[in-house]
Structure formats: C-alpha cells, structure tokens
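Below you'll find the structure, written out as structure tokens, and then a few comments.
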C-alpha cells in the first residue's frame with residue numbers, strides 16, 4: 001500500500017471522527033480538515049515527505065485560517081486581491097508544538113502499533129496546541145498579532161484596520177518602516193558591479209515600500225477614521241526625514 005494511503009487510513013480511523021466531532025469536514029483528496037467559524041475557515045493540512053515508504057514515513061501538518069471577507073475589503077480599497085489565506089504556519093512553528101528536546105521527524109512504521117502511537121501523538125498535539133492556535137487566529141486582531149510577529153507589517157495593518165483599531169494599524173506601518181530602513185542595502189567602493197546593481201534594486205524596492213507605508217499612514221491620519229489620533233502632519237514629516 002502506498003505511504004499516503006497508509007497514513008490516510010490511519011487518520012480516518014484515529015483522527016477524523018474526533019475532528020468531525022469538533023465541527024471539521026474531512027477531504028480525503030486534499031488530505032485536509034476544514035471548519036467554518038463565522039467569517040473564517042480553519043484548515044488543517046497533512047503533508048508527506050517524498051522519501052516515504054511503507055516502513056519509514058515522515059509527515060508534517062499546516063494550520064491556517066482564510067476568509068473571503070479580506071478580499072472583499074481589498075476590492076473596496078481598490079487593491080489587488082490575495083489568495084484568501086489570512087495567516088497560518090507549519091506545525092513546528094506553533095508555540096509548544098514540540099516539547100523541549102523533541103526533534104524527531106522520521107518515524108519507523110514497520111510495526112502497526114508504532115503507527116498507531118505516532119498518529120495518536122499528533123492528535124494529542126493538535127488538541128493541546130493546534131486547535132487553540134486556530135481559535136486565536138479567528139479574529140482580525142488575533143490574526144494581526146500573528147502576522148506582525150512574523151514581520152508582515154502590511155498585513156498586520158490591514159487586519160487591525162478591519163478590526164477598527166486605527167492606532168495599532170498605524171503603529172504596525174511605522175514598525176514596518178523602521179524594519180525596512182534597517183535593511184543593509186549599501187555598498188563600498190570595492191563592491192563588485194554586479195552586486196552594486198543588485199543592491200541598487202534592493203534599495204529602490206525598499207524605498208518604494210517605505211513610500212507606500214507612509215502614504216497609507218498619511219491617508220489614515222487625514223481620514224475620518226484617523227480623526228483624533230495623536231500623530232500629526234508634523235510627526236509624519238519627521239518620520240519621512242528620519
């Protein structure tokens with residue numbers, strides 16, 4: 001039996017009934033589980049390593065949240081649509097997924113009981129941290145905090161703004177500007193010409209992103225949503241010259 005079918009059968013017996021009780025729908029063709037929570041869709045996907053065999057197997061999982069509301073909001077802003085995914089990450093990036101010292105990834109599947117134990121361990125981790133992680137992402141502020149921690153400041157600003165938090169939206173954009181300006185895009189007189197061209201492209205891209213962030217801040221501060229904010233036009237000019 002192919003490795004994927006072995007793992008599919010194990011998940012269908014050990015995991016699917018449990019996740020269905022939590023409100024998830026199983027897709028065997030995609031090897032994924034989905035659950036609708038208000039305007040969000042939670043998704044758990046299982047990925048297999050190409051080196052898998054019937055006796056040795058490695059698999060990972062991804063946890064993500066999507067929402068059509070984000071694209072509706074982007075269209076209303078006159079901006080390009082996204083792929084619909086709000087945020088997420090592979091299991092190994094979820095806090096507390098792995099316990100200290102637990103670095104095992106390759107699993108010996110020669111014994112049926114070993115297979116059972118491995119899937120049960122994944123199920124326990126999913127219950128302990130995976131589902132809680134998804135719940136945290138099912139709010140615009142929760143999603144904003146997650147992507148901000150991943151240095152995706154533009155998306156964080158979007159999600160804070162959708163949540164109605166203009167102050168934190170601007171703060172995310174300002175943090176993004178500082179991060180962009182901290183990038184090393186300089187060169188010395190001894191730098192190779194090819195590398196200089198690359199650095200110039202990087203500098204131009206950096207400056208364009210900074211300008212876009214500043215434009216968004218300016219629009220927010222002038223809009224009705226920005227009325228009453230502490231930041232003034234003078235502070236914006238100060239940021240531009242920094």
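The values are calculated or read from the model by the stated rules, or taken from the named source; none is laboratory data. Model, not experiment: these values are computed from the prediction. FYI the Cβ positions are ideal-geometry reconstructions off the backbone, even for glycines, and counts take in every protein chain you see.
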message: Can you go through 51, 79, 13 and tell me which one is farther than 25 Å from residue 120 by Cα and free of Cβ contacts under 8 Å to residues at least 12 places away in the same chain?
response: 79
- prompt: When the range 36-70 is examined, which residues are found to be farther than 30 Å from residue 21 by Cα and either in a strand (DSSP E or B) or modelled with pLDDT of 95 or more (or both)?
  reply: 56
message: Here are the criteria: (1) in contact with a helix residue (DSSP H, G or I) (Cβ under 7 Å, 6 or more places away or on another chain); (2) surrounded by fewer than 11 Cβ atoms within 10 Å (Cβ to Cβ). Tell me which single one residue 76 does not satisfy.
response: (1)
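Matching residues to (1) closer than 22 Å to residue 17 by Cβ; (2) at pLDDT 95 or above; (3) over 18 Å from the mean Cα position of the chain (by Cα); (4) not assigned by TED's automatic domain parsing to the domain that holds residue 173:
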site: 82; (1), (2), (3), (4): no, no, no, yes
site: 85; (1), (2), (3), (4): no, no, no, yes
site: 99; (1), (2), (3), (4): no, no, yes, yes
site: 105; (1), (2), (3), (4): no, no, yes, yes
site: 113; (1), (2), (3), (4): yes, no, yes, yes
message: Would you confirm, using the coordinates I've provided, whether residue 233 is at pLDDT below 50 and more than 14 Å from residue 174 (Cβ to Cβ)?
response: yes
- prompt: Is it the case that the range 190-210 has a residue that's on the phi > 0 side of the Ramachandran plot and modelled with pLDDT of 85 or more?
  reply: no
